[in-house]
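Q: My structure is below; once you've seen it, I'll send some questions.
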Amino acid sequence: MKEKILIVEDEKDIIKMIEYNLKKEGFKVIDARDGEDALDLALRQYPDLILLDLMLPGIDGLEVCKTLKKDPKTASIPIIMLTAKGQESDKVVGLELGADDYVTKPFSPRELIARIKAVLRRATEKEKLPEVFESGDLRIDFARISVTVKEKAVTITAKEFELLKTLLKAKGRVLSRDYLLDSIWGYDHAMEIQTRTVDVHVRTLRKKLKSAAKMIVTVKNYGYRFEAEEE
Ligand code: CA
């Protein structure tokens, strides 16, 4: 799956330019024109990276950054700030608030893409899964695509394995149904019947996991989270 980038910018021409160049590189692109929209999309779509302009109407970029980094649901999404010359102090504040990098306008598409790739690389390195994951009764071997509970092999479908892996990779973070649907089934716009697909798969997966089922925690009206057992 290609990474999804959220562009937060109120200037149409800049969005168009960035979107064109990112799509050419194979990224999926979504955009928000103001801070409120950005916060909403970040929660519902769970992008892999956010390009955040600091000068926005309404809630400004720094405020958006602060809110995203404070919320455990969105804190780990990397943020690259788009700053203007003369915004040096904002840039520093942004980095202190947890933004990962910044690009100063005007920038070349090449520079922007190089920054995006570097930040994404660092983020995936952090999220790398171990070859084998063990917690409580559960053991997952990612290389062999095998799951065992209390040393008994569990028959698991490809989608169920993908679901388990995606939840595990997020390590305790809540993932929305929309996000799971999009990353595992590849639907862009989740309708009710489709979001139910996630619930159905979680239900069968839990049944199969037996004593380890409690590690998949339901977050009401939102989605799911993987919670490893305390050692
Ligand atoms: Ca702007």
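The values are calculated or read from the model by the stated rules, or taken from the named source; none is laboratory data. In this text the structure is predicted, and so the values were computed from the model without any measurement. Quick reminder, even Gly has a Cβ in these numbers, built from the backbone with ideal geometry, and neighbours come from all protein chains shown.
Q: State which residue is farthest from the ligand (Cβ to nearest atom) when the search covers only segment 1-28 and only residues that are among the basic types (K, R) and more than 17 Å from the chain's Cα centre (by Cα).
A: K24
Q: Being of a type in the set (F, W, Y) and not in a strand (DSSP E or B) is the filter here; which residues of segment 50-109 pass it?
A: F107
Q: Within segment 58-89, how many residues are small (G, A, S) and more than 14 Å from the ligand (Cβ to nearest atom)?
A: Qualifying residue count, segment 58-89: 3.
Q: Filter segment 1-21 for residues that are in contact (Cβ under 8 Å) with a residue 24 or more places away in the chain, closer than 19 Å to L56 by Cβ and of a type in the set (A, V, I, L, M, F, W, C) and give the result.
A: Answer for segment 1-21, where residues must be in contact (Cβ under 8 Å) with a residue 24 or more places away in the chain, closer than 19 Å to L56 by Cβ and of a type in the set (A, V, I, L, M, F, W, C): I5, L6, I7, V8, I14, M17, I18.
Q: Can you tell me which residue among K16, K2 is assigned to a loop (DSSP other than H, G, I, E, B) and surrounded by fewer than 23 Cβ atoms within 10 Å (Cβ to Cβ)?
A: Only one candidate qualifies: K2.
Q: Out of all the residues in segment 22-46, which are assigned to a helix (DSSP H, G or I), surrounded by 17 or more Cβ atoms within 10 Å (Cβ to Cβ) and in contact (Cβ under 8 Å) with a residue 60 or more places away in the chain?
A: Those that are assigned to a helix (DSSP H, G or I), surrounded by 17 or more Cβ atoms within 10 Å (Cβ to Cβ) and in contact (Cβ under 8 Å) with a residue 60 or more places away in the chain: L22, L43, Q45.
Q: Can you tell me which residues in segment 86-136 are of a type in the set (K, R) and in contact with a helix residue (DSSP H, G or I) (Cβ under 7 Å, 6 or more places away or on another chain)?
A: Matches in segment 86-136: none.
Q: Identify the residue in segment 123-156 that is basic (K, R) and surrounded by fewer than 13 Cβ atoms within 10 Å (Cβ to Cβ) and, among all such residues, is nearest to I50 (Cα to Cα).
A: Only one residue tops the list, namely K126.
Q: Which is assigned by TED's automatic domain parsing to the domain that holds I77 and within 21 Å of V174 (Cβ to Cβ), of I18, I50, I59, I14?
A: I50
Q: Identify, from the list R139, R33, the residue that is at pLDDT 95 or above, touching a strand residue (DSSP E or B) at 6+ places or on another chain (Cβ under 9 Å), basic (K, R) and within 26 Å of D178 (Cα to Cα).
A: Sole residue among the options that is at pLDDT 95 or above, touching a strand residue (DSSP E or B) at 6+ places or on another chain (Cβ under 9 Å), basic (K, R) and within 26 Å of D178 (Cα to Cα): R33.
Q: Additional query: Go through (1) within 16 Å of the ligand (Cβ to nearest atom); (2) surrounded by 19 or more Cβ atoms within 10 Å (Cβ to Cβ) and name the single condition D100 misses.
A: The number of the failed condition is (1).
Q: A further question on this structure: Name the single residue, out of those in segment 59-90 being within 18 Å of L41 (Cβ to Cβ) and charged (D, E, K, R), that is surrounded by the most Cβ atoms within 10 Å (Cβ to Cβ).
A: Step by step, filter segment 59-90, then rank; the result is K73.
Q: Is there a residue in segment 50-57 that is away from the ligand (no atom under 14 Å from the Cβ), surrounded by 14 or more Cβ atoms within 10 Å (Cβ to Cβ) and not β-branched (V, I, T)?
A: No, segment 50-57 contains no residue that is away from the ligand (no atom under 14 Å from the Cβ), surrounded by 14 or more Cβ atoms within 10 Å (Cβ to Cβ) and not β-branched (V, I, T).
Q: Okay, next question. How many of the residues in segment 105-139 are touching a residue at least 60 places away in the same chain (Cβ under 8 Å), under 30 Å from M17 (Cα atoms) and among the aliphatic types (A, V, I, L, M)?
A: Within segment 105-139, residues that are touching a residue at least 60 places away in the same chain (Cβ under 8 Å), under 30 Å from M17 (Cα atoms) and among the aliphatic types (A, V, I, L, M) number 6.
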